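Visitor: Let me give you the structure first, and then I'll get to my questions.
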Amino acid sequence: MKRYIGRLTACVLILIMFGWKVHDEWKYAAVNKRHADLKTLSAFIENGVEHDKLYTFSQNGETYLFWAKPLTSRSRGIMCIPSGPACYIFDSSGDMVDYSLDIGDNPRFQDKWPWPPEERNFERYLISPHQFLSEQKK
């Protein structure tokens with residue numbers, strides 16, 4: 001009987017941890033997908049979307065802004081361990097042209113857009129997205 005209770009307890013704990021992991025993954029995806037629905041750089045700024053890194057780069061004669069979100073526990077749960085940040089690409093007019101909820105698990109995004117920054121030719125790091133918008137208007 002004791003062996004049965006021990007196994008049952010272990011199974012219940014595993015199920016709780018699995019449920020916790022699924023919840024945290026869902027939460028992380030839902031928050032980042034909601035940001036992807038904003039579609040413009042102005043909307044990102046107005047909604048206070050956090051950024052960890054902002055870079056400008058040129059590709060095929062166009063200038064783009066690369067927006068990487070921070071991997072903080074506030075935007076994800078303890079059990080959610082993404083292999084990379086959520087990233088968003090904006091063109092010179094401020095429209096979102098592409099995004100990835102987890103850049104580490106998205107080879108299509110990695111091949112299309114420059115990542116990681118240390119290995120690519122980013123033109124420069126930006127302090128704020130306002131800087132990108134004001135420079136594009138000139």
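Quick note: the coordinates plus some simple rules give every number you see, no bench work behind them. Just so it is clear, the model here is predicted, and its values are computed rather than measured. Neighbour counts run over all protein chains shown; Cβ positions are idealised from the backbone, glycine included.
Visitor: If I model a spin label as a point 7 Å beyond the Cα along the Cα-Cβ vector, how far apart are those points for Ser58 and Arg108 in nm?
Guide: According to this spin-label approximation, the distance is 2.9 nm.
Visitor: Points 7 angstrom from Cα along the Cβ direction at Ile45 and Trp26: gap in nanometres?
Guide: Distance between label points: 3.6 nm.
Visitor: Right, here's the next one. Please compute the modelled spin-label separation between Asp98 and Gln131, points set 7 Å along Cα→Cβ, answer in nm with one decimal.
Guide: So the label points at Gln131 and Asp98 sit 2.4 nm apart.
Visitor: For Ser42, Ser93, Ser100, what ranking results if the residue with the fewest other Cβ atoms within 10 Å of its Cβ goes first?
Guide: Starting with the residue having the fewest Cβ neighbours, the order is Ser93, Ser42, Ser100.
Visitor: Lys and Arg at +1, Asp and Glu at -1: add these up for the other residues within a Cβ distance under 11 Å of Ile14 and post the number.
Guide: Numbers: positive: Arg7, Lys21; negative: none.
For residues surrounding Ile14, the net value is +2.
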